[in-house]
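Have a look at the structure below, then the notes.
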Amino acid sequence: MSRYIRLAVHSDLTDGEYADLANTVWMMLRNTPHDFHVEHDGKTPAKTLNESWAEYGAHAHWD
């Protein structure tokens, strides 16, 4: 049986802020043993979410 948690942010986020928040939620859930699905609200294009994710990898590295 599926369960869900609905998050609502009551602020006017820019696309970049929204992408950071959505990707943070996704990344946090990836660290659990649970099978999950994150669905964005459709206001920020998926391309923007994906580009933000790719940018994290370009700036995050081990020294």
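Across region 22-63, what is the number of residues that are closer than 23 Å to SER2 by Cβ and in a loop (DSSP other than H, G, I, E, B)?
Residues that pass the stated criteria total 12.
Being modelled with pLDDT under 90 and of a type in the set (Ser, Thr, Tyr) is the filter here, so list the residues in region 34-63 that pass it.
If the condition is that a residue be modelled with pLDDT under 90 and of a type in the set (Ser, Thr, Tyr), then TYR56 is the only one that fits.
For region 54-63, what are the residues that are open to solvent by 100 Å² or more (accessible area, probe 1.4 Å) and aromatic (Phe, Trp, Tyr)?
TRP62
Quick check on my filter: what residues within region 1-46 are surrounded by 12 or more Cβ atoms within 10 Å (Cβ to Cβ) and among the charged types (D, E, K, R)?
Selection gives ASP15, GLU17, ASP20.
Looking at region 1-21, which of its residues are assigned to a loop (DSSP other than H, G, I, E, B) and of a type outside the set (A, V, I, L, M)? Before the answer, list the steps.
If we filter region 1-21 for residues that are assigned to a loop (DSSP other than H, G, I, E, B), which is where we start, we get 1-14.
Scanning region 1-21 gives SER2, ARG3, TYR4, ARG6, HIS10, SER11, ASP12, THR14.
The values are calculated or read from the model by the stated rules, or taken from the named source; none is laboratory data. The model shown is predicted, which means the values in this text are computed figures rather than measured ones. Backbone-built Cβ (ideal geometry, glycine too); neighbour counts: all protein chains shown. In case anyone asks, the SASA skips ligands and DNA or RNA and just uses the protein heavy atoms, side chains included. Shrake-Rupley method; radii C 1.70, N 1.55, O 1.52, S 1.80 Å.
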